[in-house]
Amino acid sequence: MNAVLLAVLIVPVLGILAVAAGAWAGNRRLGAVLGTVFAGVGLFAAVALGFDHSGRPWTRITEEWVPQLKLSFDIGVDGVSYPLVLLSAFLTFLCCLYTAWKGTERGDALIALLLATNVGMLGVFVSYNLVLFFVFFEIVLLPMFAIIAGWGGPARRRAAVKFALYTLLGSLLLLVGIFVIVTQAGTGDILALTESGGGGLSRGTQLLAFTLLALGLAIKAPLWPLHSWLPDAHTEAPTVGSVILAGVLLKMGTYGLIRVAVGVAPEGARQAAPTLAVLAVVAILVAGLVCLAQTELKRLIAYSSVGHMGFVLLGIATLTQAGLTAALIGNVAHGLITGLLFFLAGSVKDRAHTGELARLGGLREVAPGLSGMLGFAAIASLGLPGLAGFWGEAFAVYAAIQRDQTLWTVLAVLAAIGAALAAAYLLRMLRLVTHGPPGEAVAGMSGTGLRAVEVTSFVPLAAGALVVGLLPFVVQAPIGEAVSGILQAI
Amino acid sequence: MNDIQLPAIDYAALLPMLIVFGAACVGILVEAFAPRGWRFVIQVSLTIGGLVAGLVAIIVNRDLEITTIGGAVTVDGPGLFLQGAIIILGIVSLGLIAERRLERGGPFVAEAAHAANSDGDKRQEREPGATEVFPLTLFAIAGMMLFCVSGDLLTMFVALEVFSLPLYLLCGLARRRRLISQEAALKYFLLGAFASAFFLYGVALLYGYAGTVSLTGIREGVLQSEQSGILLAAGLALLAIGLLFKAAAVPFHVWTPDVYQGAPTPVTALMAACTKAAAFGGLLRVFNVAFETTAWDWQPVLATVAILTMVVGSILAVAQTDIKRLLAYSSVANAGYLLVGVVSLNGAVGSSLFYLIAYGFSVLGAFAMVTLVRDSEGEATHLSRWAGLGKGSPLFSALFTFLMLGFAGIPLTSGFTSKFALFSSAWDSDQSVLVIVGVLSSVVLAFPYLKVVVLLWLNPPGEETPTVSVPSMLTRAVIFAGVAVTFVLGVAPSFLLDIVADAGPFLAK
């Protein structure tokens with residue numbers, strides 16, 4: 001099993017080398033295809049990892065690296081990380097396929113960067129060492145910066161620099177939090193720290209550590225009011241960039257909160273939980289209201305991510321079995337659904353050459369296939385029972401009510417109102433984009449039918465949203481036991 | 001008649017410095033007697049040979065811990081490590097100084113004193129081959145080596161002058177843009193002379209306080225002296241000004257951007273790597289040996305200087321439009337990070353030493369790459385000229401990007417491991433405020449580096465984009481060393497971290 005785990009990390013690196021070899025041989029097309037093949041092999045390896053229900057890591061590799069800095073190459077998978085490992089490998093493969101098939105300009109370089117991002121994201125999800133976690137966390141920054149800056153929309157440079165600086169600020173706050181833990185506890189082993197309930201750190205130290213870690217991770221997640229990099233980055237990024245950003249990158253923040261912040265400083269988490277919950281609910285409401293007033297398609301989806309991640313953060317803040325499980329399911333669901341939404345928004349913009357809601361409209365008549373998919377994705381996103389979005393959000397609210405204190409009940413009610421807002425803005429989006437008479441941009445569209453490349457990228461995501469929605473225990477089963485391991489310390 | 005008692009001299013301990021000083025003196029004789037055509041080859045081999053022999057002597061001495069010549073020289077673990085670091089960085093920067101292919105006749109002229117744009121000056125701009133730079137460099141390096149192992153403040157002052165004077169001169173020797181080069185030399189000289197005066201005055205006051213100039217003597221004097229504490233405080237303050245000037249700490253940094261910009265780039269590289277190592281070697285020794293017991297008095301002041309240095313350095317770096325000035329302000333900010341190591345005293349000596357090596361190699365690599373971007377006027381250092389270089393010279397741009405990421409402290413570069421080691425040992429020494437300021441300022445500092453990366457790759461090339469010249473093996477080797485060490489120390493820093501940990505504390509007996 002250890003070989004498979006290593007393969008999950010190494011195969012994308014080999015893919016980058018294959019792309020480089022293709023470019024060196026002067027055949028960029030071949031490089032792009034090879035890169036995609038390696039992404040596929042990586043996905044296969046991730047699936048082959050399998051899972052069990054023990055709640056313990058079923059694969060783990062521990063090697064010393066730099067003992068002086070408490071950095072060891074300590075990786076493994078358990079129920080908390082496995083769904084995200086799969087999600088990351090899956091979305092990366094779809095994005096590579098989409099890029100290679102579509103023949104994007106300099107597509108091979110884009111594929112190499114996607115693979116590099118994937119290495120970082122997978123590394124974050126499999127790290128059991130605090131410093132290693134940080135190293136992978138930082139590795140993601142650069143390729144993502146290059147993807148936005150190299151293939152983005154007209155204001156890409158500003159968006160890319162804003163993304164990079166925000167993220168850097170977040171990761172350096174995270175770093176200080178790691179300093180606190182590592183110097184006080186004398187170890188960087190996340191699992192050991194979780195088992196000992198924070199390595200015997202005092203309440204004050206834990207609160208300080210949790211605050212720093214949570215601030216750093218909340219920028220990535222993003223948590224209101226630290227979210228302002230997100231709309232720009234998502235709007236300007238190319239389609240595959242937005243898919244990866246929303247689908248996986250944001251999860252590094254929420255996953256980190258559960259694994260690192262809560263896991264390593266549980267006492268601090270307990271003290272800070274109400275604050276986190278209040279901010280999460282504000283995020284849900286603010287994002288809902290902002291979305292109601294959005295005039296651009298990708299920006300709307302970007303802001304809706306802030307709201308959905310608010311539910312995930314609310315689930316985390318409850319610090320209960322139901323809440324954390326809901327958060328992790330919500331992570332996966334949001335990754336599938338928002339990934340699909342961004343793919344669709346990309347297709348709409350490709351054809352209509354604008355994302356302005358006012359200039360779209362009537363897509364239903366001109367491109368029924370596309371608008372049908374958009375309708376499905378929007379309905380999944382607003383949390384219709386039976387689709388993936390429902391479980392994470394409903395159970396986050398349920399977990400908050402379960403806390404049975406006035407504050408939490410109020411928050412639960414407000415979050416439920418936020419869910420209604422989500423329904424309102426997504427239906428408004430559908431009305432503006434798909435219904436009504438064809439707008440000027442839509443009427444002049446060429447190639448209205450779904451292309452093969454689009455069908456191959458959309459259908460797996462839609463199917464995933466359906467499977468998670470109808471059979472939530474597929475995701476919940478491996479998560480449940482592992483979560484209770486983290487919660488034992490609290 | 002009384003015999004004057006000569007102090008015992010341990011020649012083995014002094015051997016590395018004797019070798020380098022000796023090579024420098026031979027270098028002067030070569031200038032006087034060797035035929036012009038042969039000088040370059042002789043000087044280069046003599047300089048490199050001398051430095052390598054010095055390095056070998058240091059390695060042989062590696063376990064030595066001794067105070068010799070009546071307390072004037074203290075050879076100990078950190079001192080030897082610093083000497084080795086200075087020699088190694090010196091050898092690497094010699095690759096730039098000896099480069100002859102980029103510019104006909106090398107980047108230097110023979111005489112700094114010709115008035116700029118006078119006939120004589122114009123004539124020497126066309127003449128090839130000034131080899132005076134080699135003995136000057138050797139003297140500077142030898143002075144820095146002595147500075148790091150000085151056991152008393154007077155030796156330290158002498159060493160300070162020995163390495164400063166050649167540097168003043170070297171700054172004025174640029175072949176191109178003579179006026180700005182001479183301006184840099186004069187500025188550096190005048191301000192440096194002021195700083196030396198402060199240093200000397202501080203020594204005098206401390207002598208008045210403790211009755212001795214030896215570092216260990218002052219350490220004991222602090223506990224016993226009946227003199228007024230004001231003498232101690234004033235002496236320490238003046239001494240620190242002299243040292244902080246060389247280290248380019250705010251508010252004594254104003255010379256840095258002008259001198260870094262005006263000096264010939266190889267000399268700038270030498271100053272950024274070696275002088276920084278020497279200056280911090282001196283600071284670490286003075287504060288760890290002589291003033292450790294009074295830490296409560298000076299730590300808040302030095303911490304303020306460190307905060308100012310980090311904040312001002314990184315904020316001003318954002319506004320720069322010239323790559324050499326940008327690197328100068330980044331060097332100021334890095335001085336701030338190193339000061340965090342000084343304030344943290346013994347706990348952070350090892351990680352400060354590691355930082356000096358990591359930063360030294362990265363900065364040498366960066367300045368080496370600056371020498372390559374040229375047009376008919378010489379080096380094109382204005383940032384706007386660098387726009388779009390990534391299109392025509394992808395390898396150059398990729399390597400420079402890597403070094404910039406190293407400065408920004410991205411993992412898998414030495415910038416990350418060195419900052420991590422330094423800040424975590426500072427956190428261990430309860431300097432959490434400094435660590436937080438350091439981390440926040442490095443976010444600010446990341447912006448200019450990122451700006452350069454964006455400029456290289458994303459901006460459209462300007463009308464007259466300069467070319468990236470193909471250098472000789474020497475400069476190539478420097479770039480390779482800079483990039484390779486930045487990478488290796490980022491990926492596998494364990495061996496060097498072990499060495500700096502083994503170097504142990506400064507000898508305070």
Regression test value, accessible area per residue of the range A:2-487, probe 1.4 Å, units Å², expected 31
Note to self: with every protein chain in place and a 1.4 Å probe, the range B:73-139 gives an accessible area per residue in Å² of 33
Taking Cα atoms only, helix B:349-370 is inclined relative to the longest principal axis of chain B by an angle, in degrees rounded to 10, of 20
Log entry: pair-distance distribution for the range B:11-503, C-alpha pairs binned every 10 Å from zero, whole % per bin is 4, 21, 32, 27, 13, 3, 0, 0
Rounded to whole angstroms and listed largest first, the alpha-carbon spread of the range B:212-355 along its three principal axes comes to 53, 25, 24
Sorted by chain and number, the residues with a modelled amide H under 5 Å from that of B:G388, at a separation of 5 or more or across chains, are B:L456, B:W457, B:L458, B:N459
So the angle from the long Cα axis of helix B:133-148 to the longest Cα principal axis of chain B, reported in degrees to the nearest 10, equals 30
When all Cα-Cα pair distances of the range A:163-248 are considered, the percent exceeding 19 Å is 47
Sorted by chain and number, the residues with a modelled amide H under 5 Å from that of A:M445, at a separation of 5 or more or across chains, are none
Amide H proximity to A:T59 below 5 Å, modelled H, separation 5+ or other chain, gives A:V77
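Give me the inter-chain shielding for A:168-180: mean count of other chain Cβ atoms within 10 Å, whole number please. Can you show the working numbers first?
Details: counts 9, 6, 1, 5, 11, 4, 1, 10, 9, 0, 2, 11, 4.
Rounded to a whole number, the mean comes out at 6.
Would you calculate, for chain B, the mean residue ellipticity at 222 nm contributed by helices, counting each DSSP H stretch of 4 or more residues as -39,500 (n - 2.57) and dividing by all residues, to the nearest 500? Intermediate results must be reported in sequence, preceding the final value.
Working: 21 runs with 355 residues, N = 509.
Helix contribution divided over all residues of chain B: -23500 deg cm²/dmol.
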Between chains B and A, total accessible area buried, probe 1.4 Å, no ligands or nucleic acids, nearest 100 Å², roughly 2700
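Divide, for the protein assembly as shown, the radius of gyration over alpha carbons by 2.2 N^0.38 Å, where N is the residue count. Could you put the intermediate results ahead of the total?
Numbers: Rg = 31.1 Å, N = 999, 2.2 N^0.38 = 30.4 Å.
Cα-based Rg divided by the globular estimate yields 1.03.
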Extension length gain for B:I230 and B:A295 (0.36 nm per residue less Cα distance), in nm, is 21.9 nm
Contact order relative to length for the range B:11-503, counting C-alpha pairs under 8 Å separated by 6 or more residues, stands in percent at 15
Measuring from the longest principal axis of the C-alpha atoms of chain B, the long axis of helix B:229-247 (C-alpha) lies at a number of degrees, nearest 10, equal to 20
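Can you compute the charge dipole magnitude of the protein assembly as shown about its Cα centre, using +1 on each Lys and Arg Cβ and -1 on each Asp and Glu Cβ, nothing else charged? Give it in debye, rounded to the nearest 20.
Details: 53 positive and 54 negative charges, 515 e Å.
Using only the charged Cβ atoms, the result is roughly 2480 debye.
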In deg cm²/dmol, rounded to the nearest 500, the helical mean residue ellipticity at 222 nm of chain A, built from -39500 (n - 2.57) for every DSSP H run of length 4 or more, is -25000 deg cm²/dmol
Given unit charges at Cβ for Lys, Arg (+) and Asp, Glu (-), the dipole magnitude of chain B about its Cα centre in debye, nearest 20, is 1340
With T = 20 °C, eta = 1.002 mPa s and Kirkwood Rh from C-alpha pairs, the Stokes-Einstein D of the range A:2-487 in µm²/s is about 97
PRE zone check, label point 7 Å out along Cα-to-Cβ of B:S384, amide N under 13 Å, scope the range B:446-478, hits B:462-465
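Using the structure shown, select from A:K102/A:K298; B:K419/B:K509; B:K187/B:K509; A:K220/B:K451; B:K187/B:K324; A:K162/A:K298 the pairs with a Cα to Cα distance greater than 27 angstrom. Let's see the in-between values first.
Working: A:K102/A:K298 20 Å; B:K419/B:K509 31 Å; B:K187/B:K509 39 Å; A:K220/B:K451 22 Å; B:K187/B:K324 17 Å; A:K162/A:K298 18 Å.
Flagged as over cut-off: B:K419/B:K509; B:K187/B:K509.
For the range B:150-259, which GluC sites (Glu not before Pro) are in a loop by DSSP, counting at most 15 other Cβ atoms within 10 Å? Walk me through the intermediate numbers first.
On the way: sites: B:E161, B:E183, B:E220, B:E226; in loops: B:E226.
Taking the range B:150-259 and a limit of 15 other Cβ atoms within 10 Å, the loop GluC sites (Glu not before Pro) found are B:E226.
Run through every distinct alpha carbon pair of the range A:265-310 and return the Kirkwood hydrodynamic radius in angstroms, one decimal place. Don't jump to the answer; show the numbers that get you there.
Numbers: mean 1/r = 0.0874 Å⁻¹.
Evaluated on the range A:265-310, it is 11.4 Å.
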In chain A, taking the dipole from +1 charges on Lys and Arg beta carbons and -1 charges on Asp and Glu beta carbons about the Cα centre, the listed residue (A:V262, A:A399, A:A416) farthest towards the positive end is A:A416
For A:S196 and A:E365, extending 7 Å from Cα along the Cα-Cβ vector and measuring point to point gives, in nm, a value of 7.0
Given the candidates B:P107, B:F361, B:L94, the one whose Cα lies deepest towards the positive end of the charge dipole of the range B:11-503, counting +1 at each Lys or Arg C-beta and -1 at each Asp or Glu C-beta, is B:P107
Whole-Å distance linking the alpha carbon centroid of the range B:55-123 with that of the range A:426-490 is 64
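The values are calculated or read from the model by the stated rules, or taken from the named source; none is laboratory data. Quick caveat: nothing in here was measured; it's all calculated off a predicted structure. Cβ coordinates were reconstructed from backbone atoms using ideal geometry, including for glycine residues, and neighbour counts include every protein chain displayed. Heavy atoms of the whole protein, side chains included, go into the accessibility calculation; ligands, DNA and RNA do not. Shrake-Rupley method; radii C 1.70, N 1.55, O 1.52, S 1.80 Å.
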